[in-house]
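Here is the structure we will look at, set down as structure tokens.
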Amino acid sequence: MGSEKSVRRVKALVAGNWKMNGLKESKREIRRLAKKLDTGGKPKCDVLICPPATLIGLLREEAKGTGIAIGGQDCHAKASGAHTGDIAAAMLRDAGADYVIVGHSERRTDHHETDEMVKAKAEAAWEADLVAIICVGETGDERKAGETLAVVGRQVTGSVPEGAMPKNMIIAYEPVWAIGTGLTPTAEDVAVAHGHIRSLLTERFPETGKAFRILYGGSVKPGNAAELMAVPNVNGALVGGASLTADDFYGIISAAYL
Ligand code: 13P
């Protein structure tokens, strides 16, 4: 069995990151998406939506029985305490989340999160029985300087905790310059970055490295999703803007290969 074949068998995940968007009325997008998933046949991938924390409980209720999972967008590294405005992983779990995104580039930039902090957050997620989606990706300047693989490698090595397993950790490769810009790397560039991440995972976790999901994120749309998700070692997508409406998000879900 070729290694690519076994990687291909990893079930894809199409995840939506709503970022700081969404009010209670947004539950109708879940309803609309569920209807599309129902009539369009069983999706070939797992489907996840990460709304703002205020909507987790409501959307979880709305998504009951639909197969759509709900996740958070960040958690604190500590289990509880004096951290005004922060949210603990157990609170996300309690509200109905099964996953949490950690280390998104917007958190790394806006809140100065380091690899060490991201790693601690992933461990906190596991303590609360959440799957951690760890984001990595180079900036435009780093890319121009030819540092993409070095930056991404450093982030993966520094942010992924020792106890990572395919069932508790997912990597999302999101080139910062591709987020919200309409720009995407070429399929070849995505293949190189994902291949590098895969080899770091297989070196560090020889038994399980091939089974981790590595998502691509950054301007994924219905029109480019099939091409991006067909790249070797791409096991799904992390979608921002195009996850906000059921039509676009369903278009991306339909493009998942497996
Ligand atoms: P866009 O899909 O809007 O580029 O955002 C990607 C992203 O940051 C998902 O986490």
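The values are calculated or read from the model by the stated rules, or taken from the named source; none is laboratory data. Just so it is clear, the model here is predicted, and its values are computed rather than measured. As a convention, Cβ positions derive from the backbone with ideal geometry for all residues, glycine included, and neighbour counts pool all protein chains shown. The area values use the complete protein model at the heavy-atom level, side chains included, leaving out ligands, DNA and RNA. Shrake-Rupley method; radii C 1.70, N 1.55, O 1.52, S 1.80 Å.
Structure above, values below:
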read-out	value
Residue among Ala172, Ala255 that alone is at pLDDT below 95, under 17 Å from the mean Cα position of the chain (by Cα) and buried (at least 20 other Cβ atoms within 10 Å of the Cβ)	Ala255
Single residue of region 36-53 satisfying the filter (assigned to a helix (DSSP H, G or I) and touching a residue at least 12 places away in the same chain (Cβ under 8 Å)) that is surrounded by the fewest Cβ atoms within 10 Å (Cβ to Cβ)	Asp38
Those residues of region 151-181 which are in contact with a strand residue (DSSP E or B) (Cβ under 7 Å, 6 or more places away or on another chain) and part of a helix (DSSP H, G or I), in sequence order	Val152, Gln155, Val156, Ser159
Residue in region 222-241 that is touching a Pro at 6+ places or on another chain (Cβ under 9 Å) and small (Gly, Ala, Ser) present	no
When residues of region 140-163 are limited to those that are buried (at least 17 other Cβ atoms within 10 Å of the Cβ) and over 13 Å from Val118 (Cα atoms), the one farthest from the ligand (Cβ to nearest atom)	Gly153
Scope region 211-250; condition away from the ligand (no atom under 14 Å from the Cβ), assigned to a helix (DSSP H, G or I) and of a type in the set (A, V, I, L, M, F, W, C); matching residues	Ala211, Ala226, Ala246
Residue among Asp115, Asp98, Asp74, Asp129 that is exposed (fewer than 14 other Cβ atoms within 10 Å of the Cβ) and either modelled with pLDDT of 95 or more or among the β-branched types (Val, Ile, Thr) (or both)	Asp129
Trp177, sole failed condition from (1) touching a helix residue (DSSP H, G or I) at 6+ places or on another chain (Cβ under 6 Å); (2) open to solvent by less than 10 Å² (accessible area, probe 1.4 Å); (3) within 15 Å of the ligand (Cβ to nearest atom)	(2)
The lone exception for Thr184 - which of (1) in a helix (DSSP H, G or I); (2) open to solvent by 10 Å² or more (accessible area, probe 1.4 Å); (3) within 14 Å of the ligand (Cβ to nearest atom) it fails	(1)
Condition met for Lys210 (surrounded by 15 or more Cβ atoms within 10 Å (Cβ to Cβ), farther than 20 Å from Ala15 by Cβ and among the basic types (Lys, Arg))	yes
Residue selected from region 9-30 under the condition modelled with pLDDT of 95 or more and touching a strand residue (DSSP E or B) at 6+ places or on another chain (Cβ under 8 Å), by the criterion surrounded by the fewest Cβ atoms within 10 Å (Cβ to Cβ)	Trp18
Among (1) open to solvent by 60 Å² or more (accessible area, probe 1.4 Å); (2) of a type in the set (S, T, N, Q); (3) assigned to a helix (DSSP H, G or I) - the single one Ser80 does not satisfy	(3)
